[in-house]
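The values are calculated or read from the model by the stated rules, or taken from the named source; none is laboratory data. A quick note: this is a predicted structure, and the numbers were derived from the prediction, not measured. Because the Cβ atoms are built from the backbone with ideal geometry, glycine has one as well, and the counts that use them run over all protein chains shown. Note: accessible area is taken over every heavy atom of the protein model, side chains too, but ligands, DNA and RNA are not part of it. Shrake-Rupley method; radii C 1.70, N 1.55, O 1.52, S 1.80 Å.
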Amino acid sequence: MDGQRSGRGRGRGSRQAHPQGDEQGSATGPTQGQENIEVNQMATAVNRMTDILERLAERQGPVPVAKNRLQLQVSIDAAKWCAFQVVAFRGHDESLDSNNRGNFIELIKHVSSYNEKVAAVVLDNAPRNASYTSPTIQKEILSIGSSKIQKYIREEISNSKFSILVDEAQDRSKREPVAIVLRFVDKQGYIRERFFDIVHVHKTNSLTLKKEICDVLSRHNLSVQNICGQGYDGASNMRGEWNGLQALFIQECPYAYYIHCFAHRLVARATRIAELIAIDELETEYEDICSVLIDVINYGNTSTQRSEADRVYDFMTSFDFVLVMHMMRDILGFAQVLSQALQCKSQDILNALKLVSITKDRLQSYRDNGWNELFTNVKAFCDARNTEMPDMNVIYKAGRGRIQKQNDPITMEHHYRIDVFLATVDSQILEMKNRFKEDVIELLILSSALHPKDNFHAFNIEQICQLTNRFYSADFTDQEKLHLRTQLELFQIEFSCNSQLHNLSSLQELCQVLAKTRKSMCYTLIDRLIRLILTLPVSTATTERAFSAMKIIKTCLRSRMEEDFLANSMIMYIEKEIARTFDINSIIDDFDKIKSRLAQFHMSHTVK
C-alpha cells in the first residue's frame with residue numbers, strides 16, 4: 001500500500017513538474033503503460049469478485065439456496081393466485097401494524113401460519129434487503145409468467161398459418177386498448193384461439209393499429225406473411241374497403257382474407273327482447289312496464305315525471321308500438337339462434353353457413369307470407385288490452401312534416417303492410433346479404449366440400465380443386481395442385497373403407513383423426529388445406545371475452561394500473577390453463593436470469 005501511495009504521489013509530482021507534457025499527453029490519449037496498468041487492475045478486480053462468489057457459494061451450501069428458492073416460490077404462488085382470481089395485489093396500508101396488508105402479503109401470511117418451513121423464510125424472517133414481496137417483484141413475476149405464456153403460444157403455432165382477431169374498447173381510464181387474439185390449428189388438429197397481447201394506442205386509425213399489431217408479431221418472430229385470415233368487430237376504421245385495417249394487411253399479404261365477424265353481422269342483436277322471446281315472457285314484461293308507468297302517472301314526485309310517464313304510456317299503448325313490438329319479436333326470434341351460435345368459441349364454419357342460409361330463408365318466407373299472421377296476432381293483443389285499432393280501409397294521412405302525394409292516396413293497410421312491415425323485413429334481408437357477402441361465403445363453402453358428415457356426402461373433388469386454386473394458390477405450388485387431386489381421389493377410397501373416418505361430425509374432428517392416426521403424413525396436402533380452412537376466423541367473441549376480463553381486472557379502484565401490468569395480468573388470467581403447466585423451478589430460473597439478485601438461487605455462479 002505504501003508503495004502504491006508513493007507511486008501515486010510521484011505521478012502527481014511528475015505531472016506538475018511538466019504541465020506542458022501533461023496537456024500533450026491528454027490530447028494524444030493514455031500511454032501504452034497506462035493502458036496495461038488499467039487492464040491489470042480490472043483483471044485483478046474480476047478475480048477478486050470471482051473468489052468472493054466462490055467462497056460465498058461454499059459457505060452457503062445447498063441449505064440456504066433451498067431456503068431462498070422456497071421463499072421466492074411462495075411469492076410466485078401468491079402472485080399467480082392473485083392473477084388467477086383477479087384480485088388486487090396491494091392493500092391500502094401495507095405497514096406492519098396494518099390489519100389488512102393486501103391480498104398478496106395476507107396470502108403469504110396465511111400460508112406461513114400453517115407451514116413452519118415457509119414461516120421461517122418469509123416476511124419478518126426474510127432478509128430485509130431481499131424479501132421479494134415488493135410491488136416491483138410482483139410485476140416481475142407477472143411479466144415472467146406472461147412471457148412464458150406467449151412463448152408457449154408461439155411454439156404452438158410454430159410455422160403454421162394463423163389468423164389475427166382484433167378488437168378495441170375503452171377501459172376505465174378512458175384509454176383505447178387493442179386486444180390481439182391468434183387463431184390457429186395445433187399439431188393435434190385442435191382449433192386454438194389464444195389471447196396473445198393487449199396494446200394501448202393513442203390513435204385508433206388503421207395505420208397506427210397495423211403498426212402496433214406488426215410490432216407485437218415481430219417481437220415474437222411471427223411473420224405477417226403467415227397470416228391467412230383477419231377478423232374484426234365491424235368498426236368503420238377496421239373494415240373500410242380502402243383505408244381499413246384489413247386492406248392494409250392485404251396489401252402486404254394478399255391471402256390474409258378478411259372475414260367480417262359473424263357475431264356482429266346481425267343488425268337485430270340479441271338484447272333483452274331476445275331473452276324474453278326465449279322464455280315467452282314478452283307480454284308479461286309489457287304488462288309490468290305499463291303498470292309501473294301508470295303508478296308514475298298517478299303518484300310521480302314531480303309534474304315532469306308524471307307528464308313524461310304519460311307520454312311514454314300513450315306511445316307504448318298505441319297500435320304502432322304494438323305492431324313494431326310483435327314484428328321485432330318475430331325477426332329477433334329468427335336471428336336469435338344464429339346470433340347465439342356465432343358467438344360460441346371456436347365456431348364450426350359449416351354450421352355457421354347453414355344457420356346463415358336458414359335465417360335468410362326464414363326472413364324471406366316471413367316477408368312473403370307473414371303479414372296476415374302478424375296482423376292477426378297484433379289485433380288479438382290489442383283487443384285483449386282495449387288498445388285502439390285503426391281502420392285499415394281509410395285513407396292514410398302522413399304525420400306532420402311528412403310529404404304525401406295527394407294524387408296517389410294509400411290506405412292504412414297499405415301503409416302498415418308496405419311502408420312498415422315489408423320495408424323493415426327488406427332492410428333486414430339486405431343487411432344479411434351485405435354482411436354475408438357471396439365471395440366470403442364462397443370461400444367458406446370450401447369447407448363443406450370436405451365436411452365428413454354423412455360419410456362425406458358433400459365431398460366434391462372438382463369443387464375442392466377449383467376453390468383451392470382460387471383462394472389458396474400461394475399455399476400450393478403448381479405441382480402440389482396436381483398432387484392434391486391425386487390425394488383427394490385416394491382419400492375418397494380411404495374414407496369409404498376406413499371405419500376411423502366414419503361418424504365424424506365436423507371438419508375439426510377430421511383434422512384431429514388425421515393427426516392421431518398419422519394419416520396426415522399420407523395426405524399432407526389435404527391436411528394442409530383443412531388447417532387453412534379451420535384457421536379462418538368466424539367471430540371475434542374471444543376478443544370480446546378479453547375485454548370482459550379487462551373490466552374485471554381494471555376496476556374503478558384499479559384505474560391507474562400501468563399498461564404492462566394490465567397486459568400481463570390479462571394474459572395470466574385469460575390463459576391460466578397454460579400458466580398452470582409451468583414448472584415453478586423454471587420460473588425461479590427465469591427470475592434469477594433477469595438481473596443480479598442479492599439472494600442466491602443456484603449452487604454456483606458463472607462469471608462471464
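With viscosity set to 1.567 mPa s and temperature to 4 °C, compute the Stokes-Einstein D of region 438-489, Rh being the Kirkwood radius across alpha carbon pairs; µm²/s, no decimals. The diffusion coefficient I find is 113 µm²/s. Rolling a 1.4 Å probe over the protein heavy atoms of region 183-228, with every protein chain left in place, gives an accessible area that is 45 percent carbon and sulfur. With 26 Å as the limit, the listed pairs Lys187/Lys453; Lys161/Lys516; Lys151/Lys174; Lys80/Lys554 have Lys151/Lys174 beyond it between alpha carbons. Calculated accessible area for region 445-495 comes out at 52 Å² per residue, all protein chains present (probe 1.4 Å; ligands, DNA, RNA ignored). Scaled against 2.2 N^0.38 Å for its residue count N, the alpha carbon radius of gyration of region 87-129 is 1.16.
Between the residues Leu482, Leu525, Ser499, the greatest Cα displacement towards the positive end of the dipole of region 474-529, with unit charges on the Cβ of Lys, Arg, Asp and Glu, is found for Ser499. Per-residue packing, averaged as other Cβ atoms within 10 Å, sorts the ranges 569-582, 586-599, 355-368 into the order 569-582, 355-368, 586-599, beginning with the highest.
Largest first and in whole Å, the equivalent-ellipsoid semi-axes of region 455-608 read 47, 23, 16, each the square root of five times a Cα gyration tensor eigenvalue. The relative contact order of region 463-580, computed from alpha carbon pairs under 8 Å that lie at least 6 residues apart in sequence, is 18 percent. Peptide packing for 500-506, 142-148 was compared via the average number of neighbouring C-beta atoms within 10 Å per residue; ordered from the highest value, the list is 142-148, 500-506. Each part gets one Cα centre, and for region 431-460 versus region 287-331 those centres are 45 Å apart.
Ignoring ligands, DNA and RNA, what percent of the 1.4 Å accessible area of region 500-542 is carbon and sulfur? It is 49 percent, rounded to a whole number.
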